[in-house]
Amino acid sequence: MTKKNIHYLRHLIEKSEKNEISEAEKNLLEDFLKKEFDNAEWDNTKMGSKENVSAEIFKNIKAHGAVKKSFAIYYKYAAAACIVLMVGIGIFLNSKVDIKDITVTTKSATDSVKLNDGTLVYLAANSVFKYPEQFNSKTRSVTLLKGNAFFKVTKDPKHPFIITSANIKTRVLGTSFHISLDKGRSSVTVITGHVRVSSDKQITYLEPNERAVFTTSGLKKQRVSDMSLYSWYKKDIDLNNVNLHKVFTLLNFKYGVNFKPEDKEILNTRITLYIKGGLCLQNILDQINYVTHLKFKPYGDTVTVSH
């Protein structure tokens, strides 16, 4: 279907909803819906009666207020009517239309994505995330291919949200949590709500302040006492008496740099730090230097830290 035809069909539907459609236009719209309905590919053995499924689809959409009363005249062609109506709001139910997958890759900065269900996904630096342009099935499935992401999932009990990250799947209805994926090691940390995490052989359920970690030895559940690390996605970050290991990990999420301390004891140094949105990495390192007197030597994407 060309963009021109889609635009014209939207126009006819809008006129129908406003009771401004002429008899000729009404016949044209109904003829198109009937043609779509009659020509739709359908396997009654696997999918059931086309007429019954059509009526059920139309009933569900109507129950959510998506169908105007004036549109009810097309009830007998409900499946096709749904196809056209959904085109009007950007959702394609026609099996011949491929749903486009979008891949977002971040490098030295964070990014955020708002999915079509309202879910917000914050991506750390050096991350790769794939999602469909439109959700059109019983589940909302996305994939974290690399890096770190923080999810604020819109609640929808009828359509579970599923994230695949290497060897594990995270299934939620509506909650916020962090997923990390690095060299085959995956972890899920829950901030709010409840989450189900599964691998091929194991399933565990997480509540706030709990984490599931998957390694070659399997899936392990842990308690998390300090959640300050998972504020990395926020514009302004207030860190109170945390060790430099967490500070450096957070800066890795935000700026994509790795920190290499010449002395491992440096990581145990505790600091209180306020990171204002928009600051460059050097400004933050200057703040840390002022408090700790540590020296930072950037080289490429690695920062060497010394006394």
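Order the following by accessible area, largest value first: 133, 265, 30. Probe radius 1.4 Å; ligands, DNA and RNA are ignored.
My answer, sorted largest first, is 265, 133, 30.
Got a number for carbon plus sulfur as a percent of region 169-307's accessible area, 1.4 Å probe?
Of all accessible area on region 169-307, carbon and sulfur atoms account for 48 percent.
Sorted by average packing, counted as other Cβ atoms within 10 angstrom per residue and highest first, what order do 266-276, 157-167 take?
Details: 266-276: 14.8, 157-167: 17.2.
Ranked from most to least packed, the peptides come out as 157-167, 266-276.
Could you work out the local net charge near residue 210, counting Lys and Arg as +1, Asp and Glu as -1, over the other residues with Cβ closer than 9 Å to its Cβ?
Combined, the nearby Lys, Arg, Asp and Glu give +2.
Once you've got the Cα coordinates, tell me which of 158/235; 246/297; 15/100; 130/297; 183/295; 100/155 are over 26 Å apart.
158/235; 15/100; 130/297; 183/295
Over region 197-302, with the other protein chains present, what is the accessible area per residue in square angstrom, probe 1.4 angstrom?
Spelled out: the 1.4 Å probe surface of region 197-302, per residue, equals 60 Å².
The values are calculated or read from the model by the stated rules, or taken from the named source; none is laboratory data. On a predicted model such as this, the values are computed, not experimentally measured, just so you know. For neighbour counting, all protein chains shown are included, and Cβ atoms are generated from backbone atoms with ideal geometry for every residue, glycine included. Note: areas computed on protein heavy atoms with side chains; ligands, DNA, RNA excluded. Shrake-Rupley method; radii C 1.70, N 1.55, O 1.52, S 1.80 Å.
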